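Input: one structure, supplied below.
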Amino acid sequence: MSRTADKLIGSGLCSPLGMALFELQYDRVDRAMWDWVPVVFLVFKVGALGTAMFYAIKWHYDQSERGSGRAFIRTGALLVAGFLVSLLVVGFLAYFLSSMLGLDLSMP
């Protein structure tokens, strides 16, 4: 039995038989609950990924039906520009934070 069970039994708040039955029942419930965790996570993962794939395929199909090549190039250019701007912002932020903390940033 656990230390908590020994303290409860020693203090007279619980009988040894009652504590043993409680621990046995708790152990069974705890094991049964943990047996279902992977099943629930797997069902959630399959459902979420399946939904995301459905909408991704549907969006691409809809875009190909109504889109023109010019809009596609403009969207791609905007994405590349956004990525480069965010890369520069993160780089300057890292440099500024490193120099503020006193790290040596000199090149060898």
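The numbers here are math on the coordinates, done by the rules we state, and not lab data. On a predicted model such as this, the values are computed, not experimentally measured, just so you know. Virtual Cβ from ideal backbone geometry, glycine too; neighbours counted across all protein chains shown.
Taking the Cα-to-Cβ direction at LEU101 and at TYR61 and moving 7 Å from each Cα, how far apart do the two end points lie in nm?
4.9
Rounded, prolate or oblate: which one fits region 68-108, using the alpha carbon gyration tensor with axes a ≥ b ≥ c (rounded when a/c is under 1.5, else prolate when a/b beats b/c, else oblate)?
The shape class here is prolate.
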